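Right, one structure below, let's go through it.
Computed from the coordinates by the stated procedures, all read-outs in this text should not be read as laboratory data. This structure is a prediction, so every number in the text was calculated from the model and none was measured. Methodologically, a virtual Cβ is constructed for each residue, glycine included, from the backbone with ideal geometry; neighbour enumeration extends over all protein chains shown.
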Amino acid sequence: MKESLILAIETSCDETAVAVIKNETEVLSNVLYSQIKEHQEFGGVLPEVASRIHVEKITYILKQALKEANVEPHDLTAIGVTYGPGLIGSLHVGLQAAKTLAWLYNKPLIGVHHIMGHIYANRLVEEIQYPALALVVSGGHSELVWMEKEHQFEVIAQTADDAVGEAYDKVARVLGIGYPGGPIIDKLAKQGKAHYQLSKIKPANDDEFSFSGIKSSIIQLVEREQKAGREIIVEDIAVAFQERALEQLLDKTKEVIQDKNPKHVLLAGGVAANSRLRELITSLVQEFDSIKLTIPPLWCCTDNAAMIGVAAAMNYRYGRFSSLELGASSTSELM
Ligand code: KG4
Ligand code: ZN
C-alpha cells in the first residue's frame, strides 16, 4: 500500500459526488447529491438537466467533502476524477472541477474509469484475491471482468444491447411504476409469484449478454394481457422479468467460474444492490469450494465518489497519472 490522501470526484450520470480517501481504503468523507427527484418526472435521466444540476451542486459538495474529512486542499496527494464512460456533459463538470483544483494546488490529476471504480468498491470491504472475476451490473454496463493480477482488467463478456440496469429502468417505465426501476422492481418482485412464463433468451454469442429481448417480451406480455382485458399483476411481471434477467447473469458467471477458476468473485455496480441477485450469487459461489465472494454494502453499489477514490489510489500506486488535457469519454474501454 502506498500512503495517499485523495480527493475524488464522480459526475458521470446523475449523482454529484465527492469523497476524500486516505491510504487507499479509509473513507474520510463521502458526500453525494442524488438528482433522482429532478429526473423522476421524465422517467429517466435528461442529460442537459443532469449537467446543469452538477454545475449548481459541485462547489458545495466539494467544500462539504473537504470539511467533513477535515482536510485542506494543500494536504492532498492527488485529485482523482471519473473521465468516462458516462454522459459527456455530466463528466465535463467533474473534470473541469478536478483539473481546476489540480492546477490551482499543483497536485497530480488521476483519471478513473467508472467501471474500475465500481469494481474497487469491493476493496472498501476486503482485499481482493487474484485471479478475480467481477460481475459488473449497472445502468450502463453488464460485463464480466477478469483480473488475472492486481490492477489488470480484461472484459470477457459484455452486453450486445441494453445493460441490465437499463432493462430494469425500461420495464419499470412500461409498467408506469417509477424511476429508477431497479429498486422498485426488486421490491415488487418480493410480493410477486411465478405466474407469467417468459421464454429463455440465449444471447447470440458466448461472450455476450442480451437484455433487450427480455424487455421486449415483457412489453408484448403487457400488450397481450391488456388486449385480453385481463388485469396486469405488476408484482408477478416483476418476478417474470427479474428471474429471466438474473438467470442470464448467473448462467454466464457460472460458466466462467467453471472455465477459469477464480479465487475471488466480486459483484459491482448499481444492480449489485438487488436483493435477489445478492441471494442468487451467494448460492452460486457456495457451490464452489474455496472461492471467496464479496458483495459491496448497499451504500457503495450505486454511483458514489468513495469507489472512485479507491480506484484513483490504485492508479496512484501504479503511477498512472493523467495530464490536464484529459478529456471526457462516453464509451472508453476498461484497461
Ligand atoms: O451504477 P449505477 O448507480 O449507475 C451506473 O453506472 O449506471 O447504477 C444505476 C442502475 C439503475 O439502472 C438502477 O435501476 C439500478 O442500478 N439499480 C437496481 C437496484 N438499485 C439500483 N437494479 C436492481 N435492483 C436494485 N435494487
Ligand atoms: Zn455506475
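Just a few scattered comments:
- Here segment 1-72 and segment 294-308 have alpha carbon centers that stand 13 Å from each other.
- Exposure proxy for Leu5, Leu87: other Cβ atoms within 10 Å of each Cβ, ordered fewest to most, give Leu5, Leu87.
- Going by neighbour counts of Cβ atoms within 10 Å, the residues Ser142, Ser51 line up, fewest first, as Ser51, Ser142.
- Residue separation of Ile177 and Glu208 scaled by 0.36 nm, minus their Cα-Cα distance, works out to 8.3 nm of gained length.
- Column: log10 I(q)/I(0), Debye, Cα scatterers of the chain, q = 0.06 Å⁻¹: -0.21
- Net charge of Cβ neighbours under 9 Å - reference Lys170; Lys, Arg +1; Asp, Glu -1: -1
- Gain in span if fully extended, Glu3 to Ala160, counting 0.36 nm per residue against the direct Cα distance: 52.5 nm
- Top of Val234, Val136, Val171 by mean-square fluctuation, Gaussian network on the chain, Cα under 10 Å: Val234
- Approximate spin-label separation Ile232-Glu38, in nm, with each point projected 7 Å along Cα-to-Cβ: 3.0
- Measure of compaction for segment 127-295 (Cα Rg per 2.2 N^0.38 Å): 1.06
- With a cut-off of 13 Å between beta carbons, the residues surrounding Leu324 carry a summed charge of +1, where Lys and Arg count +1 and Asp and Glu -1.
- Projecting the Cα positions of His118, Ser34, Leu91 onto the charge dipole of segment 34-147 (unit charges on Cβ atoms of Lys, Arg, Asp and Glu, taken about the Cα centre) puts Leu91 furthest along the positive direction.
- Amide H contacts of Ile110 (H built 1.01 Å from N, under 5 Å, at least 5 apart or other chain): Ile79, Gly80, Val81, Ser322
- Taking every DSSP bridge with both residues inside the chain, close to 55 percent are antiparallel.
- Pairwise FRET efficiency - Asn70 versus Glu255, Cβ, R0 = 56 Å, nearest 0.05: 0.70
- Normalised contact order of segment 127-295, rounded percent, pairs of Cα under 8 Å and 6 or more residues apart: 28
- Percent breakdown of C-alpha pair distances by 5 Å bin, ordered from the shortest bin, for segment 1-74: 3, 17, 24, 19, 14, 10, 7, 3, 1, 0
- Inter-label distance for Glu325 and Glu247, nm, one decimal - labels placed 7 Å from Cα along Cα-to-Cβ: 5.1
- Proximity of backbone amide H atoms, modeled 1.01 Å from N, is registered between Gly269 and Val137 at under 5 Å, excluding neighbours fewer than 5 places apart on the same chain.
- Residue among Gln64, Gln258, Gln158 with the largest mean-square fluctuation in a Gaussian network model of the chain, springs linking Cα atoms under 10 Å: Gln258
- In this structure, the amide hydrogen of Thr159, modeled 1.01 Å from its nitrogen in the peptide plane, lies closer than 5 angstrom to those of Ser142, Phe209, counting only residues at least 5 positions away or on a different chain.
- Per-residue ellipticity at 222 nm, computed for the chain from helices alone with -39500 (n - 2.57) per DSSP H run of at least four residues, works out to -13500 deg cm²/dmol.
- For segment 242-335, the dipole from Cβ point charges (+1 on Lys and Arg, -1 on Asp and Glu) about the Cα centre works out to 260 debye, to the nearest 20.
- Here the contact order of segment 109-227, divided by its residue count and restricted to Cα pairs under 8 Å and six or more residues apart, works out to 19 percent.
- Panel order for Phe209, Phe288, Phe241, by other beta carbons found within 10 Å of each beta carbon, from fewest to most: Phe288, Phe209, Phe241.
- Per residue Cα convex hull volume in Å³ - calculated over segment 190-242: 78
- Of all DSSP beta bridges confined to segment 127-295, the antiparallel ones make up roughly 50%.
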